[in-house]
Amino acid sequence: MKIAEGMPKTYYHYPRIVAIAGISLGREVNFIPLVWHTGLSFSPPLYGISISPKRYSYELVLKSGEFSVNFVEYKYRHIVERMGSVSGRDIDKAKLLGLNFKKGVKTNAPLLDISYIVHECELIEHYKLGDHTLFVGLVKATHYKEDYFDDKTMLKVESISPLLYLGRHVYITVDPESKSAEG
């Protein structure tokens, strides 16, 4: 096995599922694609997203105190790639990309229409961790498209192709044939 010299190769833990954080502050709405995000707790329901202080979304989350976490299909990879290549400081990403969204039920965070599942989160804590900040959100509501989940709330990969990021602007999805319930 080779040892990474200098800066450790933190991208070696990919692929990761892509999420899009949506933030609203007054009339301003912004979206940022993320691969550094995770569920943190079932009870209470907590979800974490990691954003660099260099990003415009960073200050919007701090000021608004809420965000949405939107999950989209592989077929939207080009939208996600473009979304990550422009800054909300300079351009209205929703307008540029033709995105439709609505305000949350429990928050003012924007919920993307193209999402198969969205968490509305209220910011309860944030931690500076290296060059990123982990924003911890209390999940206030979850919206999902029923056709994409079975009765045990498992994603039906036969019906949908979740968007995964491999690194270096490369996106993939899962092979539904690889699904196994074997222990």
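Throughout, read-outs are computed from the coordinates displayed, never taken from laboratory work. No experiment lies behind these values; they were computed from the predicted model shown. Backbone-built Cβ (ideal geometry, glycine too); neighbour counts: all protein chains shown.
Of His126, His13, His143, which is the most mobile in a GNM of the chain whose springs link Cα atoms less than 10 angstrom apart?
His13
Past 22 Å, Cα to Cα, is the threshold; run Lys106/Lys145; Lys152/Lys179; Lys63/Lys140; Lys54/Lys93; Lys75/Lys140 against it and keep the listed order.
Lys75/Lys140
At what distance in angstrom do the alpha carbon centres of region 23-58 and region 133-160 lie from each other?
16
Of Val105, Leu129, Ser87, which is farthest along the charge dipole of region 28-149 in the positive direction, counting Lys and Arg as +1 and Asp and Glu as -1 at C-beta?
Towards the positive end, the residue furthest out is Ser87.
To the nearest 20 debye, what is the magnitude of the charge dipole of the chain about its Cα centre, counting +1 on the Cβ of each Lys and Arg and -1 on the Cβ of each Asp and Glu?
The dipole magnitude comes to about 560 debye.
Loop only by DSSP, 14 or fewer other Cβ within 10 Å of the Cβ. Give me the GluC sites (Glu not before Pro) in region 6-107 that pass, ordered by residue number.
Counting only loop positions with at most 14 other Cβ atoms within 10 Å, none of the GluC sites (Glu not before Pro) in region 6-107 qualifies.
Please sort by residue number the chymotrypsin sites (Phe, Trp or Tyr not before Pro) in region 31-75 whose DSSP state is loop and whose Cβ has at most 13 other Cβ atoms within 10 Å.
Here the sparse-neighbourhood loop sites are Phe42.
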